[in-house]
Number of protein chains: 2
Amino acid sequence: MRSLNINDPDFAKRFRRIVDDRRESDSDVAIQVRDILREVRQRGDKALAEYSMRFDSHRLSTDEDWVISTEQCRAAYDELQPDLRDALELAATRIRVYHEAQLPADRDFTDDAGVRQGALWRAVDAAGLYVPGGRAAYPSSLLMNAIPAKVAGVERLVVVTPTPKGESNPLVLAAAHVAGVDEIWRVGGAQAVAALAYGTERIRKVDVITGPGNAYVAEAKRQLFGVVGIDMVAGPSEILVIADKDNNPEWIAADLLSQAEHDPSAQSILITDDETFAAQVEDCVDLQLATLATHKVANESWTSHGVMIVVDELSQAVELADALAAEHIELAVAEPEPLLRAIRHAGSVFLGRMTPEAVGDYVAGPNHVLPTGRRARFASGLSVLDFMKRTSFIELGDGALDKIGPAAVALAHAEGLPAHAKSVELRLK
Amino acid sequence: MRSLNINDPDFAKRFRRIVDDRRESDSDVAIQVRDILREVRQRGDKALAEYSMRFDSHRLSTDEDWVISTEQCRAAYDELQPDLRDALELAATRIRVYHEAQLPADRDFTDDAGVRQGALWRAVDAAGLYVPGGRAAYPSSLLMNAIPAKVAGVERLVVVTPTPKGESNPLVLAAAHVAGVDEIWRVGGAQAVAALAYGTERIRKVDVITGPGNAYVAEAKRQLFGVVGIDMVAGPSEILVIADKDNNPEWIAADLLSQAEHDPSAQSILITDDETFAAQVEDCVDLQLATLATHKVANESWTSHGVMIVVDELSQAVELADALAAEHIELAVAEPEPLLRAIRHAGSVFLGRMTPEAVGDYVAGPNHVLPTGRRARFASGLSVLDFMKRTSFIELGDGALDKIGPAAVALAHAEGLPAHAKSVELRLK
């Protein structure tokens, strides 16, 4: 953990180093992924079967080896403990309601020149959703990706997920049932992403691929950007907590650790205006770490990437927050509204002392798939728009071409495009 | 040019070949681009100067070698012929009005559980716009990229453009003046895109990069996706004209050629329900090609990629159009509305006999930067949203945590994330 004070003589330099720290592995993943994509594109299901054997010790032979049926998902749901089933349903309902309000309106208007213009929004035909098999196999993630797709109107929603040694996670299957997933294929890794993008004998291709994954999955999505639509490149998770001294240090420590326990590369940052409070939080973090079941991961994250910054007053946090462009920001202060308005770059903001970030991970409603690694400078969380596309349209009414056509002719000639000019000129009176 | 009839025994196979035809070069561009990006990242302006000398015969030494000033843009505007100046202004005004209506509304509501949720849209701080130097140096393209950025509220809009042997295009500079571009740097190619993404000594980095370019520029943008935001990967342009026999074949021929003259890889496709009309259009294309100043390019495009498809009735065109997912579709029929509603995948649709696609290139208002290469299946045209991002927020009011918190605790435990659960449990009464 690094401690900084805004009045340190080398503060600017040390803070810049934290901002620029990538926390992402630069490796030769790209080359391996390129090979895997090519193999799946050329050899389809045969390549998938070979990779699944090699990476997941899972043999793809019979239909049951390939597919988890919607009946199996329903059975997993039915067998859940009632409180978990209720929790899944509450989460799903709240996520659905929030995302339904995101559905964009079509446009259709005619201006004074007689030019009708507008745009129609439509869902993509098919979407693919990557669901990790290991530590990061989160049912909440499935809901957060699948529900916006279904709300958008996607007819065919396909999940790919590795089942190492044949094992799958019942809670994930139950979530797939709740979200209305249409197909689940038991393949993972870059090869599964390739199958979704190119299609194979068994798996029909999709138009958009979303969902979290390891470095291979992320790189496969990056390389296939343009072949299909993909959501933003995702890196390790991060939280920035901005807190005054009137908080319970135990609560704030738990919030910092809730991020740290995700991933050894996750980052938790506290900005406070009180040195004593910072020390109290640090003590609470150490205490809580000692008994945490996820100690190993959380401790590695906190030790390597944790940061505490003491400022003179919290208004100084705005500039630091914009530089960090964090995935999550908690504003644990009595009056969070001015800070919310002042901070320009953040994935999602949690207001007040009673809004721990974890409620946003599960049940608040807004999407928990958010831009990481400073990408909130330019990217947004997942939404129904990621599963839709816009078709614009233009219709020239009586006399409209005579009003705007001559300008098009002038520009076309100036650009050296005579056929453009001619297509308008022929129609002018 | 290929002629198909929907009743040909091998129609499905031949049509599928047209749909799958990529028209894009698979070359070793990726490796060269990777090297260029690395050099610019490591050596900054020195690398830029070396590449500009090598690729553009342009020496970057004095400030004037590096920058085109806003004063030079204003001078270029002042020296334009009045009709061209008016045409630029008309285009800019119409584009601005259309895009202003795209500005998204913020959300802020509190539900029955006492959970306040919403989202704030904000512009990115800085956007970079690539403007090609050669054949494709279109002032209309500059307007179509720059105006949405400015409407979004981007404070710093940076153009990069190569000036081979020091030469620039006065009409492009005039368009930059009209659109309110803030900086113009005289660099091009993949190296210019790298400079925008990573920043150099002279050029501060940006958050989003858009704009057309050659294969190197497109590949650089693809590789930098995630480091910055980028618009969709762009390929060669295409038009699909759906026309009945009651059209003037001369007009339709001009429309097909207006696409073909863009690029030898561009594609023009006619679908009609009348064989005689198809033959007439073909004759008109040949006649117009003979005297076209852009004959070489248009002829190569039409010969290699042109397609004419005769169907029994135009309703059959819907399925074909969805498979082609064309950048532009003209519906040259008396009643275009049912076809507009039925076709699901298209970048932009031009309705009726009096709406040639070229008006959309310049003055109609909607954006002419549209998804190509079948990407209208999942992608949209450029809009103000490409220069904005959404920050969601959540605030739990009195008692809200008691209502939704227990479900979050249950899910967190089920996912094996005890610190998540604890951050909620500590705050529950």
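The values are calculated or read from the model by the stated rules, or taken from the named source; none is laboratory data. Computed from a predicted structure; not experimentally measured. Methodologically, a virtual Cβ is constructed for each residue, glycine included, from the backbone with ideal geometry; neighbour enumeration extends over all protein chains shown. Please note that ligands, DNA and RNA were not included when accessible areas were found on the heavy atoms of the full protein model with its side chains. Shrake-Rupley method; radii C 1.70, N 1.55, O 1.52, S 1.80 Å.
Which of the residues that make up segment A:388-415 are more than 7 Å from chain B (Cβ to nearest Cβ) and out of contact with any Gly (no Cβ under 8 Å at 6 or more places or on another chain)?
Result: A:D402, A:P406, A:V409, A:H413.
Looking at (1) more than 17 Å from the chain's Cα centre (by Cα); (2) over 27 Å from B:R375 (Cα atoms), find the lone condition where A:S140 falls short.
If we test A:S140 against (1) more than 17 Å from the chain's Cα centre (by Cα); (2) over 27 Å from B:R375 (Cα atoms), just (1) comes out false.
Of (1) out of contact with any Asp or Glu (no Cβ under 7 Å at 6 or more places or on another chain); (2) in contact (Cβ under 8 Å) with a residue 60 or more places away in the chain; (3) buried (at least 24 other Cβ atoms within 10 Å of the Cβ), A:L257 satisfies all except one. Which?
(2)
Whether any residue in segment B:289-296 is assigned to a strand (DSSP E or B) and either farther than 25 Å from B:H345 by Cβ or not acidic (D, E) (or both) is what I want to check.
Scanning segment B:289-296, I find no residue that is assigned to a strand (DSSP E or B) and either farther than 25 Å from B:H345 by Cβ or not acidic (D, E) (or both), so the answer is no.
Which one of these is surrounded by fewer than 19 Cβ atoms within 10 Å (Cβ to Cβ), without any contact (Cβ under 8 Å) to a residue 40 or more places away in the chain and either among the acidic types (D, E) or not assigned by TED's automatic domain parsing to the domain that holds A:S141 (or both): A:T294, A:T276, A:T303?
From the options A:T294, A:T276, A:T303, the qualifying one is A:T276.
Tally up the residues in segment A:98-136 that are small (G, A, S), within 8 Å of chain B (Cβ to nearest Cβ) and over 30 Å from B:P356 (Cβ atoms), please.
1
Just to be sure, is B:V40 assigned by TED's automatic domain parsing to the domain that holds B:G189, part of a helix (DSSP H, G or I), within 28 Å of B:E219 (Cα to Cα) and open to solvent by less than 70 Å² (accessible area, probe 1.4 Å)?
yes
How many of the residues in segment A:138-150 are open to solvent by less than 10 Å² (accessible area, probe 1.4 Å) and either in a loop (DSSP other than H, G, I, E, B) or more than 10 Å from chain B (Cβ to nearest Cβ) (or both)?
Number satisfying all stated conditions: 7.
Only one of A:A87, A:A75 is under 27 Å from the mean Cα position of the chain (by Cα) and over 18 Å from A:T200 (Cβ atoms). Can you tell me which?
After applying the criteria, what remains is A:A87.
In segment A:324-374, which residues are of a type in the set (A, V, I, L, M) and on the phi > 0 side of the Ramachandran plot?
Selection gives A:A325 alone.
So B:V311 passes all but one of these: (1) open to solvent by 10 Å² or more (accessible area, probe 1.4 Å); (2) away from every other protein chain (no Cβ under 11 Å). Which condition number does it fail?
Among (1) open to solvent by 10 Å² or more (accessible area, probe 1.4 Å); (2) away from every other protein chain (no Cβ under 11 Å), the lone unmet condition for B:V311 is (1).
Given the criteria at the interface with chain A (Cβ under 9 Å from one of its Cβ atoms) and either open to solvent by less than 10 Å² (accessible area, probe 1.4 Å) or farther than 30 Å from B:V228 by Cα (or both), does B:K429 qualify?
The answer is no for B:K429.
If B:L173 satisfies all but one of (1) surrounded by 24 or more Cβ atoms within 10 Å (Cβ to Cβ); (2) more than 20 Å from the chain's Cα centre (by Cα); (3) more than 27 Å from B:A87 (Cα to Cα), what's the number of the condition it fails?
The one condition B:L173 does not meet is (3).
Looking only at segment A:185-198, decide whether some residue is modelled with pLDDT under 95, surrounded by fewer than 24 Cβ atoms within 10 Å (Cβ to Cβ) and over 30 Å from A:V281 (Cβ atoms).
Within segment A:185-198, not a single residue is modelled with pLDDT under 95, surrounded by fewer than 24 Cβ atoms within 10 Å (Cβ to Cβ) and over 30 Å from A:V281 (Cβ atoms).
Given the criteria under 19 Å from A:E335 (Cβ atoms) and hydrophobic (A, V, I, L, M, F, W, C), does A:A298 qualify?
Taking the combined requirement at face value, the residue does not satisfy it.
Quick check, is A:N248 open to solvent by 30 Å² or more (accessible area, probe 1.4 Å) and at the interface with chain B (Cβ under 10 Å from one of its Cβ atoms)?
In short, yes.
Restricted to segment B:322-347, and to residues that are over 11 Å from A:S392 (Cα atoms) and free of Cβ contacts under 8 Å to residues at least 12 places away in the same chain, which residue is nearest to the other protein chains (Cβ to nearest Cβ)?
B:R341
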